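Everything on this sheet refers to the single structure shown next.
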Amino acid sequence: MVNTPIKTTKSQEIFAAAQNLMPGGVSSPVRAFKSVGGQPIVFDRVKDAYIWDVDGNQYIDYVGTWGPAICGHAHPEVTAALREALEKGTSFGAPSVLENVLAEMVIDAVPSIEMVRFVNSGTEACMGVLRVMRAFTNRDKIIKFEGCYHGHADTFLVKAGSGVATLGLPDSPGVPKSATSSTLTAPYNDLEAVKALFEENKDEIAGVILEPVVGNAGFIAPDAGFLEGLRELTHEYGALLVFDEVMTGFRIAYGGAQEKFGITPDLTTLGKVIGGGLPVGAYGGRRDIMSLVAPAGPVYQAGTLSGNPLAMTAGIKTLELLQKPGAYEYLDRITKKLADGLLQVAKETGHAVCGGQISAMFGLFFTSGPVHNYEDAKKSDTAKFGRFHRGMLERGIYLAPSQFEAGFTSLAHTDEDINQTIAAARDVLSNL
Ligand code: HOZ
């Protein structure tokens, strides 16, 4: 285990230079460490469950490039497949059989998906699904939940999670009111609030979109009956149910949260894992709805790099690895060991902490809880979380640098990694 203080001179130099070159020194806000204090470490390389920074420090990684690295970083089978694909070119901008292969794998795995469109990110997937929801129902309004994040498209930047929550931005300047006037919000896990919105907006709501297990407000599980209730309400009011499974797809279970909880939405968005570490997203669902997407139908959406051979290759190989017997049992066992261990240590060291895990997704809040929604999540002592984060980093453990992001494990995390992480947490929490 790395002991305090670690030397991060090169990281600091590079990040200082980056701040003159890129807004906040980063390509995406949360990774700037703004809410946890200190400076981000600058990565040099990643392998299995580990990161090495430019100063040569090694860390056990629980971010996993924000979800895609479920098989571990730079898995040899993924990198070998990519090397082979690379020889054939990096982008076709034309049909390839690789798209068929990944599409079949996705359709076979995810209960709601009968047809799929590949895009380049989760944000794009959610933009695409939004247009299809509205076109199919001929209605404009949507319901989203406070603290859920569906990418950075205008319509979704209302009470959003992830970086918006991390930075404490109520919403974003630059988003016209007209873009969000059709976005209705409700507290997560609150069926009564959803029903009230349907009643107040009869025949106007295209659908409900949600993270079936929230990762972008920290880790929040659905209460018993919540997903079932949404399915019933959307049926009752003639609206669509959309699961944003960008985080949970192929992570909570091979078939995502919809397989895990046995609730089939009408449409689903995917990203992260299905690209195996390359930029990818996808949206899919019922054939009658997806048939509206151009050029099969009139709903326009396009992309130069969509379905590119490298992303398809990494995705195919990653899903193949996840099909190996025992993969999800392993992910669940080690993640449970981690979450239980952290909660136990917090209890023994006298800190009010709550949290949990489902399969390879976990999270902790510095509050006694329970946390059912974003308002509850905001009760977490984020200053304390920041000190915890810094202490863990100094002991060689890389956690998401935000209270409002879930943690991710991978097939590459070992029992020894988990033991080391729990020991580090004991050390940090004893002195917090
Ligand atoms: N939006 C992602 C986390 N929920 C990515 C954050 C990042 O890459 O900085």
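Of V97, V129, all but one fail to be at pLDDT 95 or above, surrounded by 16 or more Cβ atoms within 10 Å (Cβ to Cβ) and within 23 Å of G249 (Cβ to Cβ); the exception is V129.
Look at (1) hydrophobic (A, V, I, L, M, F, W, C); (2) within 16 Å of the ligand (Cβ to nearest atom); (3) in contact (Cβ under 8 Å) with a residue 60 or more places away in the chain and you find that F43 fails only one, number (3). Condition check for A425 on (1) at pLDDT below 95; (2) part of a helix (DSSP H, G or I): one failure, at (1). With the requirement that a residue be touching a strand residue (DSSP E or B) at 6+ places or on another chain (Cβ under 9 Å) and either more than 16 Å from the ligand (Cβ to nearest atom) or of a type in the set (A, V, I, L, M, F, W, C) (or both), what does the stretch 161-170 give you? Within the stretch 161-170, V164, A165 meet the criteria. If you filter the stretch 34-58 down to residues that are among the basic types (K, R) and assigned to a strand (DSSP E or B), you find that the one that is surrounded by the most Cβ atoms within 10 Å (Cβ to Cβ) is K47.
Say whether the condition of being assigned to a helix (DSSP H, G or I) and small (G, A, S) is met by at least one residue in the stretch 195-202. Looking for residues that are assigned to a helix (DSSP H, G or I) and small (G, A, S), one finds at least one in the stretch 195-202, hence yes.
If you check G161, G151 for being small (G, A, S), crowded, with 21+ Cβ neighbours inside 10 Å and either closer than 21 Å to L240 by Cβ or touching a Leu at 6+ places or on another chain (Cβ under 7 Å) (or both), only one passes: G151. Contact map, the stretch 53-77: residues that are among the charged types (D, E, K, R) paired with residues that are in a loop (DSSP other than H, G, I, E, B) and within 13 Å of the ligand (Cβ to nearest atom), Cβ distance under 8 Å, separation 6+ or inter-chain. Pairs shown: D61/A69.
The set of residues from the stretch 396-410 being more than 12 Å from the ligand (Cβ to nearest atom) and out of contact with any helix residue (DSSP H, G or I) (no Cβ under 6 Å at 6 or more places or on another chain) comprises G396, Y398. Restricting the first residue to the stretch 324-353 and requiring it to be under 24 Å from L429 (Cα atoms), which pairs with a second residue that is surrounded by fewer than 17 Cβ atoms within 10 Å (Cβ to Cβ) and at pLDDT below 95 meet a Cβ separation below 8 Å and a spacing of at least six or different chains? Every condition considered, the pairs that remain are T349/L432; H351/L432. Here the stretch 283-327 is the region considered, the condition is being of a type in the set (D, E, K, R) and part of a loop (DSSP other than H, G, I, E, B), and the residue that is nearest to Q258 (Cα to Cα) is R286. Scanning the stretch 181-194 for residues being touching a helix residue (DSSP H, G or I) at 6+ places or on another chain (Cβ under 8 Å) and part of a helix (DSSP H, G or I) gives a total of 2.
Let me spell it out: the conditions are (1) small (G, A, S); (2) surrounded by fewer than 20 Cβ atoms within 10 Å (Cβ to Cβ); (3) in contact with a helix residue (DSSP H, G or I) (Cβ under 9 Å, 6 or more places away or on another chain), and A425 meets all of them except one. Which number is the exception? Result: A425 passes all but (2).
With respect to the conditions (1) within 16 Å of the ligand (Cβ to nearest atom); (2) farther than 24 Å from R395 by Cβ, N20 falls short on a single one, namely (1).
The single residue among G37, G89, G93 that is within 25 Å of the chain's Cα centre (by Cα) and in contact (Cβ under 8 Å) with a residue 24 or more places away in the chain turns out to be G37. Which residue is nearest to A179 (Cα to Cα), if the candidates are limited to the stretch 131-160 and must be in contact with an Asp or Glu (Cβ under 8 Å, 6 or more places away or on another chain) and within 13 Å of the ligand (Cβ to nearest atom)? The qualifying residue nearest to A179 (Cα to Cα) is L157. Out of the residues in the stretch 212-230 meeting the condition of being closer than 16 Å to I143 by Cα and within 16 Å of the ligand (Cβ to nearest atom), tell me which one is surrounded by the most Cβ atoms within 10 Å (Cβ to Cβ). My answer is V214. The C-beta contact set for the stretch 2-13 (first residue surrounded by 12 or more Cβ atoms within 10 Å (Cβ to Cβ), second residue at pLDDT below 95, distance under 6 angstrom, 6+ apart or interchain) comprises Q12/Q39. Scan the stretch 379-395 and tell me whether some residue there is away from the ligand (no atom under 16 Å from the Cβ) and either within 23 Å of E245 (Cβ to Cβ) or among the polar types (S, T, N, Q) (or both). Looking for residues that are away from the ligand (no atom under 16 Å from the Cβ) and either within 23 Å of E245 (Cβ to Cβ) or among the polar types (S, T, N, Q) (or both), one finds at least one in the stretch 379-395, hence yes. Those helices (runs of 4 or more DSSP H) of the stretch 110-180 in which at least 3 residues are within 19 Å of the chain's Cα centre (by Cα) and touching a residue at least 60 places away in the same chain (Cβ under 8 Å), considering only elements entirely within it, cover 122-137, 163-166.
Of the residues that make up the stretch 164-171, is at least one modelled with pLDDT of 95 or more and crowded, with 21+ Cβ neighbours inside 10 Å? The answer is no, given that none of the residues of the stretch 164-171 is modelled with pLDDT of 95 or more and crowded, with 21+ Cβ neighbours inside 10 Å. Return the total of residues in the stretch 76-90 being outside any helix (DSSP H, G or I) and on the phi < 0 side of the Ramachandran plot. Total satisfying the criteria: 3.
Of the residues I418, I358, only one is more than 16 Å from the ligand (Cβ to nearest atom) and within 11 Å of Y62 (Cβ to Cβ); which? Within the list I418, I358, the selection yields I418.
The values are calculated or read from the model by the stated rules, or taken from the named source; none is laboratory data. Given the structure is predicted, the values throughout are model-derived calculations rather than measurements. So basically every Cβ, Gly included, is an ideal-geometry build from the backbone, and we count neighbours across all protein chains shown.
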